[in-house]
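The values are calculated or read from the model by the stated rules, or taken from the named source; none is laboratory data. Fair warning: this is a prediction, and the values are worked out from it, not measured in the lab. Cβ placement follows ideal geometry from the backbone for every residue including glycine, while neighbour counts extend to all protein chains displayed. The area values use the complete protein model at the heavy-atom level, side chains included, leaving out ligands, DNA and RNA. Shrake-Rupley method; radii C 1.70, N 1.55, O 1.52, S 1.80 Å.
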Amino acid sequence: MTLFPRVTSPHGHAPQRTDQVMLRVLLATLPGLVALTWNFGWGTLINIVLASATATACEAGVMALRKRPVRFYLSDLSALVTAVLLGLALPPLAPWWLVLMGVAFAIVIAKQFYGGLGYNPFNPAMVGYVVLLISFPIEMTTWITPRELLPEGVSLPGLWQSLQLVLPLPAPTDLAVDAFTGATPLDSFKHNTGLLTEQFYQQTPLFSEAELAGFGWEWVNLGFLAGGGWLLYQRIFTWHAPAAMLAAITLLSGIFYDGGSSTSAGSPLMHLLSGATMLGAFFIITDPVTSATSNLGRLIYGAGIGILVFVIRVWGNYPDAVAFAVLLMNFAAPLIDNYTVPRTYGHARAKRATVKKD
Amino acid sequence: MQDLAIILVSAVLVNNFVLVQFLGLCPFMGVSNKLETAIGMSSATTFVLTLAAMSSYLVNTWVLVPLGLEYLKTIAFILVIAVVVQFTKMFIEKSSPLLYRVLGVFLPLITTNCAVLGVALQNTAKARSFVESSLYGFGAALGFSLVLVLFSAMRERLAVADIPEPFRGPAIGMITAGLMSLAFMGFSGLV
């Protein structure tokens, strides 16, 4: 009988099992989730519940089909993280089938077709988001007006009314849906034609009522920034990719801000604190599976995402571009890895990860 | 100058031949198993595509249009492309044996790359000038090379993934190409 179990090195004191990492990521979304729920009502919570149930069912179904231990793979919580991230990204009060379809696509096609956690080359949540955005553009761009900007006498739907709107139940009779839907800051800024940025801000309550940039959205983004900071402090990921992405966005928007002229591309603050910038920077691009591996690789990867986000936001058709930029750089990540192999101590610099053998 | 930049961005990203227009899929799926071969194929295609775009413009403007034979342009362009490919092959074989060893296998394959014919036909349909035509050909080749090289690096990784039996090999390659095509839709509206 052994008194002390024999354990091989490294003897870490803070074990980072997959489920523990995933659990911390889930906890870190809380500030952003609270801000989303405060500003936009129950929709996001309903999204997350629907998405989690679908993701669990899909993951369990595929694992059963592949004759793998279902409980083992469900308990690593990775499907839940995908579901929560997609639930946070989808517009509140999206119809139930939208959430189901997106999550099913994310889990079954983007993750399990490739062999499950650790093999998927694309971030599953962002694949689900892009598929929905391309297939159902109207449902995906119908956002809610922040609670405090609603016109007199209109309030956000309560929990039961929200469920009636989302699920296939008889629609609530005492509710005008058009009254509380509205554009996002990025969307409305994209449709600014010929006004100076200052004038446009004064005309649009989304900006004129805001403390920093985009009413409601600034708090959502600051919430995700706080959660991401906590994850960074917990050493769940390194600073390289988020810092490179945010720096690239700040730099580009600083260059093209143009002093707030009528063709301005928007201030750095607006780009940093609107849309999915912070959710992307700390929760999506830090995914260890689909991003580049080395520190230098992560800098390139993050900067690439920042550049693509800015380019597509300003010159492309879509108001926000985090999902597209992440997929495009996921696509480039293996090549980046190939050319940024770190030098092993005591050895010459490696040229490439895979070398041609004749 | 700005027109030329727009043509280049359009050919490389927005109207990427492989992922948006779905042309040139055979070498895209066929030569993407290893990064080294993909890079060889990309450089050979870039060379031939640019040259083919130029010569098909010349043939169209100086031979087909004056003789009123535009309806023969598909056949004429195929002939031009085959000639350019054969000429390139012979020229490289004599002038640079090393380059020939690297590109040799891929050169004849390029004749069957429908992106090459696609560029020539689109150039005549859009009535582009000589400079625009060659730039469009070069841009199309750059876009082709970009996605082929990225895709081959990704497939090297997929080769060791625990993919379910029915999806191994070309099947997961097609699914990946589809997802990449989705990502490229984000570029729509750039030009």
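The table for this structure:
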item: Members of the range B:152-163 that are surrounded by 21 or more Cβ atoms within 10 Å (Cβ to Cβ) and more than 8 Å from chain A (Cβ to nearest Cβ); result: B:Ser152, B:Arg155
item: Listing of helices (runs of 4 or more DSSP H) fully contained in the range A:107-217 that carry 3 or more residues being away from chain B (no Cβ under 14 Å); result: A:159-166, A:177-180, A:185-190, A:197-203, A:205-208
item: Single match in B:Tyr71, B:Tyr57 (criterion: under 19 Å from B:Gly139 (Cβ atoms), open to solvent by 50 Å² or more (accessible area, probe 1.4 Å) and in a helix (DSSP H, G or I)); result: B:Tyr57
item: Only listed residue being among the charged types (D, E, K, R) and within 12 Å of another protein chain (Cβ to nearest Cβ), chosen from A:Asp320, A:Asp287; result: A:Asp320
item: One residue from A:Ala60, A:Ala64, A:Ala79 being in a helix (DSSP H, G or I), over 22 Å from the mean Cα position of the chain (by Cα), modelled with pLDDT of 90 or more and away from chain B (no Cβ under 14 Å); result: A:Ala60
item: Unmet criterion (only one of (1) within 14 Å of chain B (Cβ to nearest Cβ); (2) under 20 Å from A:Leu36 (Cα atoms); (3) part of a loop (DSSP other than H, G, I, E, B)) for A:Leu93; result: (1)
item: Meets criteria (surrounded by 22 or more Cβ atoms within 10 Å (Cβ to Cβ), over 19 Å from the mean Cα position of the chain (by Cα) and farther than 30 Å from A:Thr204 by Cα) for A:Gly116; result: yes
item: Some residue of the range A:176-194 being more than 30 Å from A:Trp97 (Cβ to Cβ) and surrounded by 15 or more Cβ atoms within 10 Å (Cβ to Cβ); result: yes
item: Residue in the range B:135-149 that is open to solvent by less than 10 Å² (accessible area, probe 1.4 Å), within 14 Å of another protein chain (Cβ to nearest Cβ) and not β-branched (Val, Ile, Thr) present; result: yes
item: Test set (1) at the interface with another protein chain (Cβ under 9 Å from one of its Cβ atoms); (2) under 30 Å from A:Arg68 (Cα atoms); (3) more than 16 Å from the chain's Cα centre (by Cα); (4) open to solvent by less than 30 Å² (accessible area, probe 1.4 Å) - B:Phe187 fails condition number; result: (2)
item: Flag for A:Thr344 being among the polar types (S, T, N, Q), within 14 Å of chain B (Cβ to nearest Cβ) and over 25 Å from A:Gly227 (Cβ atoms); result: no
